[in-house]
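The values are calculated or read from the model by the stated rules, or taken from the named source; none is laboratory data. Owing to the predicted nature of the structure, the values given are computational and were not obtained by experimental measurement. Note: ideal-geometry Cβ built from the backbone for every residue, glycine included; neighbour counts use all protein chains shown.
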Amino acid sequence: MRLTNAQIAEFEELGYLFLPSLFSPEEMAILNAEVPGLLAQRREEVVREKGSEAPRTAFYVQTWNEVFARLARHPKLVEPGFQLLGSEKLYMHQFKINAKAAFDGAVWQWHQDYATWFNDDDMPAPRAMNIALFLAEANEFNGPLMFIPRSHRRGRLAAGHDVTTTSYPLWTVDNETITRLVAEGGIVAPKGPPGSVLMFHGNLVHASGSNLTPWSRWIVYLSLNRCDNAIRRFKRPAWIANRDFTPIEMLPEDCLLDYARQRRTAAE
Ligand code: SIN
Ligand code: MN
């Protein structure tokens, strides 16, 4: 699925691009049928919230679930990555489902992803990005992602390593810097139904609040990196910072529907 020049220009200007309802309800039903079972698994890739049994993040799901393996190669997600990163040789640096569980989902502090990719993984340049697909609705109440528009233009900001606030260590930006950036750029929180896609630059400053609602805010993230920008330090486990730099090969547009068709045929 190709982005228009206007969409590419918007991404470059603001640091993000929001495409509501890009995936159909049928495609979302195929993905969402997998999610409760995934999040319930007891394996190291499924990280729980601090002091709670609630799932926070399921990592590397594309290697242990067939439906999400297909999503990781879906042209609606991967082809925009080719365009926005300027290369058709991309690999999956990280793949995760953030659950932001009903009542228990905790915050993600203000940060730039490239700070973590640089400090932990020695990624050479901010030539990597996130493509997020809303599995559940993100609304004003359930901890939607918050962005500071245009903050990606500041380059990599100073960051401190926060290993205490949540169960997941993160390189975060201090409150004074956030106050200054928000005074200039404001805050947006793109919200929408399941199937909406949100693409954002590796240097865009973002965060999300906790989820006090009965509505889990499941989002799946593809962190795509250029193969010529592969990481050089292997401090984090491969299921958090992938070491397989094989270029992603896209599947056909109907790859999720095709999975469901095959399952139906096998059951007959
Ligand atoms: C992230 O910044 O990596 C995740 C934020 C969120 O899912 O709210
Ligand atoms: Mn992030």
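Determine, yes or no, whether ASN142 is within 16 Å of ligand 1 (Cβ to nearest atom) and either part of a loop (DSSP other than H, G, I, E, B) or surrounded by fewer than 22 Cβ atoms within 10 Å (Cβ to Cβ) (or both).
Values: within 16 Å of ligand 1 (Cβ to nearest atom): yes; either part of a loop (DSSP other than H, G, I, E, B) or surrounded by fewer than 22 Cβ atoms within 10 Å (Cβ to Cβ) (or both): yes.
The answer is yes for ASN142.
Give me the pairs: first residue in segment 16-45 and free of Cβ contacts under 8 Å to residues at least 24 places away in the same chain, second residue of a type in the set (Ser, Thr, Tyr), beta-carbon distance under 9 Å, and six or more apart or on different chains, which are they? Between residues of segment 16-45 that are free of Cβ contacts under 8 Å to residues at least 24 places away in the same chain and residues that are of a type in the set (Ser, Thr, Tyr), there is no close pair.
Across segment 95-112, which residue is nearest to ligand 1 (Cβ to nearest atom) among those that are assigned to a loop (DSSP other than H, G, I, E, B) and buried (at least 21 other Cβ atoms within 10 Å of the Cβ)?
Residues of segment 95-112 assigned to a loop (DSSP other than H, G, I, E, B): 99-107, 112.
After this cut, where a residue has to be buried (at least 21 other Cβ atoms within 10 Å of the Cβ) as well, the list is 99-101, 105-106, 112.
Values: ALA99: 9, LYS100: 6, ALA101: 12, GLY105: 8, ALA106: 10, GLN112: 9 Å.
Among those residues, the one meeting the criterion is LYS100.
Among the residues of segment 166-179, those identified as assigned to a loop (DSSP other than H, G, I, E, B) and within 14 Å of ligand 2 (Cβ to nearest atom) are THR166, TYR168, PRO169, VAL173. Taking every residue in segment 92-118 that is over 20 Å from GLY15 (Cα atoms) and pairing it with any residue that is within 9 Å of ligand 1 (Cβ to nearest atom), at least 6 positions away or on another chain, the pairs with Cβ-Cβ distances below 6 Å are LYS96/THR57; LYS96/TYR221; ASN98/THR57; ASN98/ILE219; LYS100/GLY143; LYS100/ARG217; GLY105/GLY143; VAL107/GLY209.
Could you look through segment 145-166, keep only residues that are in contact (Cβ under 8 Å) with a residue 40 or more places away in the chain and loosely packed, with under 14 Cβ neighbours inside 10 Å, and pick out the one that is farthest from ligand 1 (Cβ to nearest atom)? Lay out the reasoning, then the answer.
From segment 145-166, those in contact (Cβ under 8 Å) with a residue 40 or more places away in the chain are 145-157, 159, 161-162, 165-166; that's our starting set.
In the following step, the residues that additionally are loosely packed, with under 14 Cβ neighbours inside 10 Å were identified as 155, 161.
Details: GLY155: 18, HIS161: 15 Å.
Here the residue is GLY155.
Of the numbered criteria (1) in contact with a helix residue (DSSP H, G or I) (Cβ under 8 Å, 6 or more places away or on another chain); (2) modelled with pLDDT of 95 or more; (3) not polar (S, T, N, Q), the one GLU10 fails is (1). The C-beta contact set for segment 182-206 (first residue under 22 Å from ALA29 (Cα atoms) and in contact (Cβ under 8 Å) with a residue 12 or more places away in the chain, second residue of a type in the set (Gly, Ala, Ser) and part of a strand (DSSP E or B), distance under 6 angstrom, 6+ apart or interchain) comprises LYS191/ALA138; LEU198/ALA132. Scanning segment 55-78 for residues that are buried (at least 22 other Cβ atoms within 10 Å of the Cβ), in contact (Cβ under 8 Å) with a residue 24 or more places away in the chain, within 16 Å of ligand 2 (Cβ to nearest atom) and in a loop (DSSP other than H, G, I, E, B) turns up nothing.
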